[in-house]
Amino acid sequence: MQKQLSRKRFLALATTAAATPSLLLFAQSGGAKKPKGDPLAHELVKEWVGKAHSDLARVKELFALEPRLLNASFDHGGGDFESALEAAGHVGNRDIAEFLLANGARMNIFCAAMLGRLDIVKATLDAFPDLKNSAGPHGLKLKHHAMKGGEQAKAVLEYLEGIQAG
């Protein structure tokens, strides 16, 4: 039998839920969290990120086997974390990056630079100018990613060189 909410409790929850709608659902569910499942195996994440540098076929196989890998990051140690998208980004592997993004990977400014997405890079740096000096996986900078993007990222590279000089 489900306990009824008093009018006073309902109004308090409804008022709070206006600011955070998930709170009302949380209260109604009894506060239960959705189970996330077991952590991904370290060696599986290592293979996923490693293959995302150059092996699209294997990336597709691994994703089909374990879709939770999509945004997994491998810890190389010393604060150096790398996702599959970041792996593809710093080596300029457009095909793998586009596959990952098409499946919902979280875009970041480094991958945007490699893909030649000047709109994303410029908007991000307009909002957060100090990110122009930010380092991605392995300490690689935005300019590195833009260079790896080749001709399609030339406008991003020129933009970055312009703001670095200024």
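What follows is calculated from the coordinates using simple rules that are stated; it is not laboratory data. Computed from a predicted model, the values in this text were never measured in an experiment. Counting neighbours? That spans all protein chains shown, and the Cβs are built from the backbone with ideal geometry, glycine included.
The table for this structure:
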| quantity | calculated |
| --- | --- |
| Along principal axes, Cα extents of the stretch 35-112, largest first, whole Å | 32, 31, 21 |
| For peptides 158-164, 88-94, 128-134, sequence by mean Cβ density within 10 Å, most packed first | 88-94, 158-164, 128-134 |
| Amide hydrogen neighbours beyond the local backbone of Phe74, cut-off 5 Å, H modeled | Glu82, Ser83 |
| Extension gain, Glu98 back to His138 (0.36 nm per residue minus Cα-Cα distance, nm) | 12.3 nm |
| Karplus-derived HN-Hα couplings along the stretch 152-160 (A = 6.51, B = -1.76, C = 1.60, θ = phi - 60°), whole Hz, x at Gly and Pro | 5, 10, 4, 5, 5, 4, 5, 4, 5 |
| Rule-of-thumb Rg ratio for the stretch 104-161 [Cα; 2.2 N^0.38 Å; N residues] | 0.99 |
| Total lysine pairs under 12 Å (Cα atoms) in the stretch 42-165, excluding pairs fewer than 8 apart on one chain | 5 |
| Approximate spin-label separation Leu131-Arg68, in nm, with each point projected 7 Å along Cα-to-Cβ | 2.9 |
| Relative contact order of the stretch 42-165, pairs being alpha-carbon contacts under 8 Å that are 6 or more residues apart, as % | 22 |
| Segment Leu56-Val91, extension gain: residue separation times 0.36 nm, minus the distance between their alpha carbons | 11.3 nm |
| Paramagnetic reach from Lys34 (point 7 Å along Cα→Cβ, amide N under 13 Å) across the stretch 86-100 | none |
| Placed amide H near Lys141: partners under 5 Å, 5+ positions off or other chain | Gly136 |
| Dipole in debye (nearest 20) - the stretch 42-165, about Cα centre, beta carbon charges: Lys, Arg +1; Asp, Glu -1 | 160 |
| Kirkwood-Stokes translational diffusion coefficient of the stretch 42-165, alpha-carbon pairs, 25 °C, 0.890 mPa s, µm²/s | 170 |
